[in-house]
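The next block holds one structure in the form of structure tokens; read it before the comments.
The values are calculated or read from the model by the stated rules, or taken from the named source; none is laboratory data. In this text, all values refer to a predicted model and were calculated from it rather than measured experimentally. Cβ placement follows ideal geometry from the backbone for every residue including glycine, while neighbour counts extend to all protein chains displayed. The area values use the complete protein model at the heavy-atom level, side chains included, leaving out ligands, DNA and RNA. Shrake-Rupley method; radii C 1.70, N 1.55, O 1.52, S 1.80 Å.
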Amino acid sequence: MGVLHVEWIWGLAGSLIITGAAYWKGSLSLSGLAAAVLLGTSMFALGNLAWFGTLIAFFVSSTLLSKLKHQRKSAAESGYAKGGRRDAGQVTANGGLGLLLCIGNAVWPDPAWWIVFVGVMATVNADTWATEIGGMSKSIPRSIINGKLVPAGTSGGVTGLGLLASLLGGAFIGLVSGWFSQMIELEYEVGSFAALIVLGAVSGLMGSLADSWLGATVQVMYRCNVCGKTIEKQSHCGQKAAQIRGMRVMTNDMVNAVSSLVGGVLCLALSVLIF
């Protein structure tokens, strides 16, 4: 059996174990399970342990955080387009761009692919940590546009705790990616282990802020015709909601994908300018 086939088998086995546990715990829907297995298997086979490990670090940390104080966050999350159980759309929005970068590196190897990948994963992790931890904040969120107080769960609403969580979430990805890089003795020309932590922290925070900005400006939003709540999803209280602003194509998943690209590009730009 060729080395390539063995890599696919190991990638499939590892992905099934991790995502299977998440599905069993209710963190993934069936479609989310299928998408996550495909994503993880391909990342391991086409990339290496650093690519796969960074992806898994995001998935595991965000899944564990989603279980923390779930009842306290349930009121805020009722207006989100996605809940704690991720489907294929959310899995793709968070990891699809990373897979494309991994494929690009497999076809045309270059350190730039990896740096952009770190920024992309730092952004989705920073955004997830900001949502999960920021959702437990006792402070009332403020709009990223004008600083006015907004209800918990409002797109574009930020808190101090959420911003701190975002910074730490990005730094965590930088730490993990640097650790895996050193473990398998890969050189990606970013200066040092510490450089990846800084790149992850800064690009993750900025990408997460871009997500909040897009959420407050162009993301499609609806109003429930029953309770009057402003929400991200098309239905609420068992009825179809009315669109009140934003572009229909700019769903929560699309905003996540675009903001992760912003974080990835910023990570590459920072690596060139500073390191």
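Taking every protein chain into account, the 1.4 Å probe leaves Leu16 with about 90 Å² of accessible area, to the nearest ten. With contributions of -39500 (n - 2.57) from each DSSP H run of at least four residues, the per-residue ellipticity at 222 nm computed over the chain stands at -22500 deg cm²/dmol. For the chain, with all protein chains in place and a probe radius of 1.4 Å, 68% of the accessible heavy-atom surface sits on carbon or sulfur. The order of Asp211, Asp110 by accessible area, most exposed first and with a 1.4 Å probe, is Asp110, Asp211. In this structure the amide hydrogen of Arg86, modeled in the peptide plane, comes within under 5 Å of the amide hydrogens of Leu28, Ser29, none closer than 5 places in sequence on its chain. With the largest listed first and rounded to whole Å, the semi-axes of the equivalent ellipsoid of the chain from the Cα gyration tensor are 32, 21, 16.
Summing Cβ point charges (Lys, Arg +1; Asp, Glu -1) relative to the Cα centre of segment 216-257 gives a dipole of roughly 160 debye. Ile140 contributes about 100 Å² of solvent-accessible surface, heavy atoms of the protein only, 1.4 Å probe. Arg223 contributes about 110 Å² of solvent-accessible surface, heavy atoms of the protein only, 1.4 Å probe. Taking one quarter of the surface of the convex hull spanned by the alpha-carbon atoms of segment 122-242 gives a direction-averaged projected area of 9.1 nm².
For segment 212-275, the solvent-accessible area of protein heavy atoms averages 53 Å² per residue (probe radius 1.4 Å; ligands and nucleic acids excluded).
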